[in-house]
Each structure stands twice: as C-alpha cells, then as structure tokens.
Amino acid sequence: MRILPVVVLLAGIVAGCARWPLHRAAPAPVPTASPSRPIPYPVFETRAFTRAVERGTRTRTGEPGPNYWQQFARYRIDAELVPTTSLLNGRETVRYFNRSPDTLRTVWIYLNQNLFAPTAARVESVPVTGGMEILRVAAWGQALSKRDTGAGYWVNGTLMRVSLPRALSPRDSLDLDIAWAFQVPPDGAPREGTTGDVFMIAYWYPQLAVYDDLTGWQIDPYLGSAEFYMGYADYEVGLTVPQGWLVGATGELTNAADVLSRQTRDRLAEARRGASVVHVVREQDRGAGANKATNTGFDGVVTWRFRANNVRDFDWGASSKFLWDATIAVVGDRDADHKPDTTVVNTFYRPEARRWAWDKSAEYERNVVEFLSSYLWPYPWQQMTALEGPVSCSGMEYPMLTCIGGPRDTLSLYSVQVHETAHMWFPMQVGSDERRYAWQDEGLTRFNQAQGMQAYFKGYDRERISRDAYLALARTDSEVPLMRPGDQYPPGTPAYGIASYDKMSTNMSALRALLGNEGFASAYRTYGLRWVDKHPSPYDLFNTFNSMGGRDLSWFWRTWWYETWTLDQAIGSVTTVNGKLAVTIEDRGLAPMPVRLSVTRGSRVERREIPVDVWLQGARRYTLMLDDPAAVTAIEIDPENAFPDIDRSNNRWVARPEK
Ligand SMILES: [Zn+2]
C-alpha cells in the first residue's frame, strides 16, 4: 500500500505530471456496496490461540483441547493476626506442580499486598503501608537471597521472580518456603482493609502467578484497578486470632471442636438441619468461654484451621464484634445421585449493620445461592459466607466468600449479595483472566445479577439499568471498547465500568434475543460447564456460542467487543405505493443488528424481521411492503428493547386517525 504513491510519482515524472493520466484509460471504480457504513470484519484469533489449537490445548469449537493443561499448587499457610497492631505474620510451604510441557527456570509470584508499598506503581490512590516484607524464600529447602542474577529472588512492585537453583522439568514439582509480614491497610484500601474492629484480609500471601498455555507467565502487575487471574490450588490454612474473634473464610473449618464453643457448634448443627435462619452467635454470646462464641485458648489466642480444595484463592475476614447467622440453601443435584444437595450459608456482621438490612443477609444469601444454582448450575462447595466489612470492600468476591461494606438498604444489599455471589460461578469456577478481560467475569456477573434481581423483585428491570447506563456513556462519545486490559481505561471516568459491566451485560441480553431463550441458555451453560476450574480465553467464549448457535457471530463480536459503534434503527418513511404500505427502515447507526418489527392492525400484532445480512451487505435502508395499508395502525422497531438502540424516538410510527 505504501509503495503506490512512489510508483505514481515516478510515473508522473516520466510521463509529465499534468498529462500522463490522459494517456491511460480511467481506472475502473472500486466496487463498494456503500462507503458510508463499516462492515464488521471477522474476529481473528491471536497467534497464541492459533498455536494452542495446533498443540491441541484449545479448539475452534470452544471446548478445551485434548491436550489442555494447567498448573496446580498445594499451599499450607500459617498466619497470625494481631488486631491491636494490625500486623499479620505468615509462613507458607507451597508445592507447585509443573503440568506444562515446558521446563521452567524461574517462577513468578504475585505479591499483591505490595500495591500499598510506598514505591508501588498504581492507577488509583490507596492508603500507603510498608507493603509486604519478605522474610525468607527457599526453593527445595535451599534458602535464596534477594539478588537479580543467579538463583535468588527479585521483587518488583506486586511481582516476585524466583530464579530456581535448578530447572523445574515437566511433571516435576517445586517446594517453596516463604515467610512474610505486613501491616493490614486501613479502610480505604480497595477490596480489603481494617476499621480496627473488623478485618478483611485479602491479597495477603505470596501466590504463584498463572503460567498458562496461551501466555506463559501472566505477570501484568496489580495496579489497583484491574482485578485478578489466579491458578487453582488446594489450601490448608491455620489462622491464629484472639479468642472470641470470629473468622469467615474460604473453605471449611476443620477444627470446629477446638475453636467453637459447644453452644456455637450446637446452633450450627441446628442451622444445618432446617431451612430457617439460626442466630448462631448473638450479641450476648460474643467473646470466649462457656456459652460464648469461641473456646478460650492458650495465651488468649485460638487457631482456626480451614481446608479448601481446587480454588483460585483463599481469603478471610475477622472481628470480635461479628454476629453470626446461618442456614442452608438447596442447590440442586450436584453429584448426579438424583437427590437435591445443600450448602451451608453463613453471614457475619456487626450489630450496627442491622440498620443496613444485614439482619436479612442470611435469608438473602440463601435465596441468591438457590436462584443462581438453578439459573446456572449447582453451587459446588459446602459453604458460602457473606461478611460485612470495611466500607472499601464495597462488594468484593473471593472463593466461597464475599466482603460487603458501606450503607445499604434492602434493595442495595440484595443487589450486591446476588452480584458478589454470582462471582462464585464467574470467575471463581470459570477462571478467566480478569486483568485482561474484565468483561468475561464482570459482565456475565452483572447479567446474572440482573436475572437474580428480576426474579426476586418482580417487575424490577435491572437489565434496563445497565442498558441505560451504557447508552448514556455512548451518547457522550467517551466509550472505550471491551477488548482492552482493565488498567488501560482512562482513570476517573465511567469507561472501564461501563465496558466491563453494563455494556457486556447488555451484550448478553442482545445475544439472548439473537439465539432465543433456550438456545442462549444452553450455549451459556455449556460455555460455563466446559470451563469449570479452567482458564477460558475470550475466543473460547466466542467459539462456544458460535458452535452451539450453529452460526458464525463474528459480526456481533466485532461490533460489540472491539468497536464502540452504536445502534440506531429508524422508521424512515411510511407511504402507500400501489395499494401497499411501503415501510422504509433506515439503519442510521454503525452497529448492524437484525430489525425486529411489530406491525399492529387494531388489536392484532404481527412480527416481522429484517435479517442482519441486509446491513452486512452494506445497505443503509430497506423497504418492507405490507398488505392492506388502511388496517395498519402502528409500527415499532424492537418493542421489547432486546437491542440497545441509542435513539428510540425514531423507532415508532402511528397511523394518523382519519378526520
Ligand atoms: Zn463484580
């Protein structure tokens, strides 16, 4: 392409600038359907994806390939929290299994707590602590020192590189020992922090970075905005806290008899038996001793031991002020024995949070677990916990655990509970890369949240709230496409949130309208179930919907994921021609979509559809001929709001009543 002007220039010099075109026939015009609209070109997979297909780890039908692999780790963590100083000391041994076909000479470790270090790179302001102090690193028992060449470890912000004393071969495993300490940041720290009386402890231990078949080491740093990509692992965790403090965590408590008083254990057993909410720890029960919340411990501390298998993280919260409510939720048949299974639901909150509806939180949590289990697939774990934490938790998800902070009313509490609990499916089970593709978990979660809200609050249209929020930003021309790493959106603007949450949710609504309710539900569940406990890329989602829907939806992905084109279908004119009603539909926007029309004749409504192919061939207008013009009383484009039309004022035509 760039060569052409040079050739023309040379030809001009040879033939004489002004005259040379006269000696040649005028070039034939380049055929083009219409220069005035973009035609979405196909979605091309990345080279990494093509390579993965060639190696059999991915497929073009959206299933994991026969050679799909991912890494695995086993963590044993012991930590102590001293609330009076907010200090956390931890030590872990990690066995890291190299299931990849590659020999690894270095491993990378996330030190997300270093977001709060004075020198860390960040895209948002946070309270500054000292970050995470690394006290010891050993590989296969050999202590390593901090150095940037040879075997040793090197810390850069939220990442640590460990150069191993020997290579880690495929099918071999690495044993790491790491000790660390940090000060828990105050309330104001994103997704975690402490107010002094409640602690949310997250991003708190050195965690193996993801090494996958597409990227190798995914070591985009944690900068505060974009979220996480985490590998699956088993955890055994011992948490030492003062006696009388309650801990809500990922996983199952394995030493209840050591930690919890007989009274607390009896009430938990009661909660497991029935469907009513049991107040396991009430105000007067708080503290340690007989008829109190916990047992007393040596030196005034007790150690809570948790186990969690095949989860992508382990997190916890603690408070001496927590009340504890519990019940069970029926999640459907999880193990294919044709009997309904249940999960225990726990909520922890301070008494003052009753004014924010937290006395309803266990009932709400049971409802949302049950709804999502039937809408998607059964909740897989033995327990689910929602805890009331620092305001800066806002609403945050961890495996089997959510932290919710700040003032709420009943609508807002239900809304945030259903959203954060929906994350137990995406990304906790379907482990996509949140840092690069936030829409792949947040957008699906926003959509699932809307389904939960609409089921519980009849007549409440949560999908409309997302659509309106997306359209409001689209009208300002400040929109940024979805396919962009989460930290690369203009900070301090709604662009990231709209793209990742509300536009993506609206895309799912549109996809449901394109595929029909059943086709959509089947493809959606298939995508999720194919990738449970795995790492799907965007192409795995696209390919699953393409193959399940039986058609290439490239035009749809290109339009709504890679571009900021907007949709504006309009009724251009309605006239009578040769005894018929000629209805001209104009596609005034840049986003091509099928046109769904309702034609009303008195009390009768007919449906018509103009296929998207009309626009994909370059047209800007299409005329529909309707019989019996006098009977037509109204015509409307997309009366169900299936698609996010940016200007609805031109969507409806009403016959003028005869005078
Ligand atoms: Zn979310």
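The values are calculated or read from the model by the stated rules, or taken from the named source; none is laboratory data. Please read these numbers as outputs of a predicted model, since none were measured by experiment. For neighbour counting, all protein chains shown are included, and Cβ atoms are generated from backbone atoms with ideal geometry for every residue, glycine included.
Can you pull out every residue in segment 453-462 that is touching a residue at least 12 places away in the same chain (Cβ under 8 Å) and either touching a Cys at 6+ places or on another chain (Cβ under 8 Å) or part of a helix (DSSP H, G or I) (or both)?
Scanning segment 453-462 gives 453, 455, 456, 462.
For residue 555, state whether it is over 14 Å from the mean Cα position of the chain (by Cα), under 19 Å from residue 641 (Cα atoms), modelled with pLDDT of 95 or more and not aliphatic (A, V, I, L, M).
So residue 555 fails the test.
Considering 529, 471, 511, which residue is in contact with a Pro (Cβ under 9 Å, 6 or more places away or on another chain) and either more than 16 Å from the ligand (Cβ to nearest atom) or over 22 Å from residue 641 (Cβ atoms) (or both)?
Only one candidate qualifies: 471.
Among the numbered conditions (1) surrounded by 13 or more Cβ atoms within 10 Å (Cβ to Cβ); (2) under 17 Å from residue 93 (Cα atoms); (3) not aromatic (Phe, Trp, Tyr), tell me where residue 143 comes up short.
It fails just one condition, (1).
Give 530, 512 a once-over and let me know the one that is within 22 Å of residue 231 (Cβ to Cβ), charged (D, E, K, R) and in contact with a helix residue (DSSP H, G or I) (Cβ under 9 Å, 6 or more places away or on another chain).
Sole residue among the options that is within 22 Å of residue 231 (Cβ to Cβ), charged (D, E, K, R) and in contact with a helix residue (DSSP H, G or I) (Cβ under 9 Å, 6 or more places away or on another chain): 530.
Listed residues 336, 353; which is small (Gly, Ala, Ser), without any contact (Cβ under 8 Å) to a residue 40 or more places away in the chain, outside any helix (DSSP H, G or I) and away from the ligand (no atom under 16 Å from the Cβ)?
Result of the check over 336, 353: 336.
Kindly list, by first and then second residue, each pair from a residue in segment 422-437 that is over 14 Å from residue 537 (Cβ atoms) to a residue that is more than 9 Å from the ligand (Cβ to nearest atom) and part of a loop (DSSP other than H, G, I, E, B), limited to pairs with Cβ atoms under 6 Å and residues at least 6 apart or on different chains.
425/376; 428/399; 429/532
So, residue 489, is that one touching a helix residue (DSSP H, G or I) at 6+ places or on another chain (Cβ under 6 Å) and within 16 Å of the ligand (Cβ to nearest atom) or not?
It is true that residue 489 is touching a helix residue (DSSP H, G or I) at 6+ places or on another chain (Cβ under 6 Å) and within 16 Å of the ligand (Cβ to nearest atom).
Restricting attention to segment 555-600, and to residues there that are assigned to a strand (DSSP E or B) and free of Cβ contacts under 8 Å to residues at least 12 places away in the same chain, which single residue is surrounded by the fewest Cβ atoms within 10 Å (Cβ to Cβ)?
Residue satisfying both the conditions and the ranking: 575.
Here are 414, 470, 437: which of them is part of a helix (DSSP H, G or I) and more than 19 Å from residue 367 (Cα to Cα)?
470
Every residue in segment 384-394 that is surrounded by fewer than 24 Cβ atoms within 10 Å (Cβ to Cβ) and within 14 Å of the ligand (Cβ to nearest atom), please.
394
Go through segment 492-505 and give me each residue that's more than 16 Å from the ligand (Cβ to nearest atom) and at negative phi.
Selection gives 493, 495.
Among the residues of segment 414-434, are any surrounded by 24 or more Cβ atoms within 10 Å (Cβ to Cβ), within 23 Å of residue 184 (Cβ to Cβ) and among the aliphatic types (A, V, I, L, M)?
no
Given the conditions (1) of a type in the set (Ser, Thr, Tyr); (2) closer than 22 Å to residue 566 by Cβ; (3) without any contact (Cβ under 8 Å) to a residue 24 or more places away in the chain, and given that residue 603 satisfies all but one, which numbered condition is not satisfied?
In the conditions (1) of a type in the set (Ser, Thr, Tyr); (2) closer than 22 Å to residue 566 by Cβ; (3) without any contact (Cβ under 8 Å) to a residue 24 or more places away in the chain, residue 603 misses (2) alone.
Quick one: which residue in 399, 380 is under 19 Å from the mean Cα position of the chain (by Cα) and more than 25 Å from residue 126 (Cα to Cα)?
Exactly one of 399, 380 is under 19 Å from the mean Cα position of the chain (by Cα) and more than 25 Å from residue 126 (Cα to Cα), namely 380.
Take the residues in segment 402-452 that are among the hydrophobic types (A, V, I, L, M, F, W, C) and away from the ligand (no atom under 14 Å from the Cβ), then tell me which one is farthest from residue 253 (Cα to Cα).
411
Hey, can you tell me all the residues within segment 228-270 that are surrounded by fewer than 22 Cβ atoms within 10 Å (Cβ to Cβ), in a strand (DSSP E or B) and either free of Cβ contacts under 8 Å to residues at least 40 places away in the same chain or not polar (S, T, N, Q) (or both)?
If the condition is that a residue be surrounded by fewer than 22 Cβ atoms within 10 Å (Cβ to Cβ), in a strand (DSSP E or B) and either free of Cβ contacts under 8 Å to residues at least 40 places away in the same chain or not polar (S, T, N, Q) (or both), then 234, 236, 238, 242, 252, 253 are the ones that fit.
In segment 609-659, which residues are crowded, with 17+ Cβ neighbours inside 10 Å, over 20 Å from residue 507 (Cβ atoms) and charged (D, E, K, R)?
636
In this structure, does residue 465 turn out to be within 14 Å of the ligand (Cβ to nearest atom), at pLDDT 95 or above and either crowded, with 22+ Cβ neighbours inside 10 Å or assigned to a helix (DSSP H, G or I) (or both)?
No.
Which residues, taken from segment 503-519, are within 30 Å of residue 478 (Cβ to Cβ) and of a type outside the set (A, V, I, L, M)?
Within segment 503-519, 503, 505, 506, 507, 509, 512 meet the criteria.
Residues that are closer than 23 Å to residue 215 by Cβ and within 32 Å of the chain's Cα centre (by Cα): find the strands (runs of 3 or more DSSP E) completely inside segment 76-184 holding 2 or more of those.
In segment 76-184, the matching strands (runs of 3 or more DSSP E) lie at 87-97, 104-110, 152-156, 159-168, 173-183.
Yes/no matrix, rows are residues, columns are (1) surrounded by 22 or more Cβ atoms within 10 Å (Cβ to Cβ); (2) among the hydrophobic types (A, V, I, L, M, F, W, C):
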residue: 484; (1), (2): no, no
residue: 490; (1), (2): no, no
residue: 495; (1), (2): no, yes
residue: 499; (1), (2): yes, yes
residue: 503; (1), (2): yes, no
residue: 513; (1), (2): no, yes
residue: 516; (1), (2): no, no
residue: 519; (1), (2): no, no
residue: 528; (1), (2): no, no
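Which condition number does residue 379 fail, the rest of (1) farther than 20 Å from residue 356 by Cβ; (2) within 11 Å of the ligand (Cβ to nearest atom); (3) surrounded by 24 or more Cβ atoms within 10 Å (Cβ to Cβ) being met?
Evaluating residue 379 over (1) farther than 20 Å from residue 356 by Cβ; (2) within 11 Å of the ligand (Cβ to nearest atom); (3) surrounded by 24 or more Cβ atoms within 10 Å (Cβ to Cβ) leaves (2) as the failure.
Give segment 58-74 a look and list any residue that's within 30 Å of residue 236 (Cα to Cα) and of a type outside the set (A, V, I, L, M, F, W, C), or say none.
64, 67, 68, 70, 71, 74
Residue check, residue 62 against (1) loosely packed, with under 15 Cβ neighbours inside 10 Å; (2) within 26 Å of the chain's Cα centre (by Cα), all met but one. Which one?
The single condition residue 62 does not satisfy is (1).
Filter segment 530-553 down to the residues that are in contact (Cβ under 8 Å) with a residue 60 or more places away in the chain and in a helix (DSSP H, G or I) and list them by number.
530, 538, 539, 540, 541, 542, 543, 544, 545, 546, 547, 548 - these are the residues of segment 530-553 that are in contact (Cβ under 8 Å) with a residue 60 or more places away in the chain and in a helix (DSSP H, G or I).
Considering only residues that are under 22 Å from residue 357 (Cα atoms) and hydrophobic (A, V, I, L, M, F, W, C), which ones fall in segment 408-455?
411, 413, 416, 418, 422, 450, 453, 455
Within segment 509-533, track down each residue that is closer than 16 Å to residue 428 by Cβ and not charged (D, E, K, R).
527, 528, 529, 531, 532
Can you say whether residue 374 is in a helix (DSSP H, G or I) and surrounded by 21 or more Cβ atoms within 10 Å (Cβ to Cβ), as far as the supplied structure shows?
no
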